[in-house]
1. Filter region 276-306 down to residues that are touching a His at 6+ places or on another chain (Cβ under 9 Å) and not in a loop (DSSP other than H, G, I, E, B) and give me whichever is modelled with the highest pLDDT.
2. Can you tell me which condition Phe106 does not meet? The list is (1) in contact with a strand residue (DSSP E or B) (Cβ under 9 Å, 6 or more places away or on another chain); (2) at pLDDT below 95; (3) not hydroxyl-bearing (Ser, Thr, Tyr), and all the others hold.
3. Kindly indicate whether Glu301 is out of contact with any Pro (no Cβ under 9 Å at 6 or more places or on another chain), surrounded by fewer than 18 Cβ atoms within 10 Å (Cβ to Cβ) and under 30 Å from Gly185 (Cα atoms).
4. Would you say Lys43 is among the charged types (D, E, K, R) and modelled with pLDDT of 90 or more?
5. Suppose the filter is at pLDDT 95 or above, assigned by TED's automatic domain parsing to the domain that holds Gly16 and either closer than 28 Å to Ala298 by Cα or charged (D, E, K, R) (or both); does Phe263 pass it?
6. Tell me which residues, restricted to region 247-264, are outside any loop (DSSP other than H, G, I, E, B) and touching a residue at least 60 places away in the same chain (Cβ under 8 Å).
7. Being at pLDDT below 95, part of a helix (DSSP H, G or I) and crowded, with 16+ Cβ neighbours inside 10 Å narrows it down to one of Leu50, Leu55, so name that one.
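The values are calculated or read from the model by the stated rules, or taken from the named source; none is laboratory data. Owing to the predicted nature of the structure, the values given are computational and were not obtained by experimental measurement. In this analysis, Cβ positions are derived from the backbone assuming ideal geometry, glycine residues included, and neighbour counts consider all displayed protein chains.
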Amino acid sequence: MTESSNGQVHKVVIIGSGPAGWTAAIYAARAQLDPVVYQGVPKQDPGLVLPGGQLMLTTEVENYPGFPEGVEGPEMMDKFRKQAERFDTVVMDEDITEVDFSASPFTMKTSGGNTIQSHTVIIATGATANWLGLENEQRLALSGGGVSACAVCDGALPPFRNQPLAVVGGGDTAMEEATYLTKFGSKVYVIHRRDELRASKIMQERFMGKPNAEVLWNKVVTDVIGDEFIEALELEDTVTGEKSRLEVKGLFAAIGHTPATKFIKDSGLEFDSKGYIVLHGRHSATNIDGVFAAGDVADAEYRQAVTAAGMGCQAALDAERWLGAKGLV
């Protein structure tokens, strides 16, 4: 790729390669903005940002329009990429490691040691689920072995239907995920390390009112048992230290997400209390003129592939209009 030292300034640089990033690339490329996507470096760790985003950890996607038979998450992201490349999107297998948004055009450094410039930037780096940190948990999450961080994404899949399921967490998200799972699981356990939940009263009541719901108090998961697919959990009582075994066919981590914004923490962008990029109104514009954000990096509410793709569309259209207003296209 041509470095900025050679005088090239891109119209649009897209950081991230999940549904938001690829959709932004498709729209930008069709608008002849010559987008460059920095999709990141492959990593073998579900706690880090992956090229393709969290869908690279999803075995089957059944809730994205246009795939009536469902589709494997990695396959779907491959189709997104190929569609973007069809319109001559340039894809770089590097991370953006530093940004300087203090002056336009914006300057960025890559993990390959290059310095690049762009008139607009779309940040679509997503958010990563917070995991328990257990070795077998992460292995089964990567292999589609019944460990997930999104009940709404995966809970309706056949392996979880009419099976005992477990949710780890104690906030509103955990209650929402657990309540959703009661539609499909024969039994749904919420595992919480304390003797009271952080979730709002109404969310607690909604879950506990289900006939197949149960809260296991003062418990932490110390091991995930299973070879190809989860079979059980090893639990430890936080009061007595006693160990026990809980037979389940699904484990859903609901202990929050971390937006992938570490590399831009000193960029001057505005973040909310949880680290998500703050957007203004229904647009993708950030507080820095010419910098846009899309997908889970700016969405703590929905975190779905289809909403991320919609936000990617918005970001590309906003970037195109911004460039047009500046006379750059």
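1. Step by step, filter region 276-306, then rank; the result is Phe292.
2. Single failed check for Phe106: (2).
3. Yes.
4. Criteria not met by Lys43.
5. no
6. Residues satisfying the conditions are Glu247, Gly250, Leu251, Phe252, Ala253, His257, Thr258, Pro259, Phe263, Ile264.
7. Only one candidate qualifies: Leu55.
Matching residues to (1) among the β-branched types (Val, Ile, Thr); (2) touching a Gly at 6+ places or on another chain (Cβ under 7 Å); (3) at pLDDT 95 or above:
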residue: Glu135; (1), (2), (3): no, no, no
residue: Gly145; (1), (2), (3): no, yes, no
residue: Gln163; (1), (2), (3): no, yes, yes
residue: Gly171; (1), (2), (3): no, no, no
residue: Ala174; (1), (2), (3): no, no, no
residue: Ala178; (1), (2), (3): no, no, yes
residue: Val188; (1), (2), (3): yes, no, yes
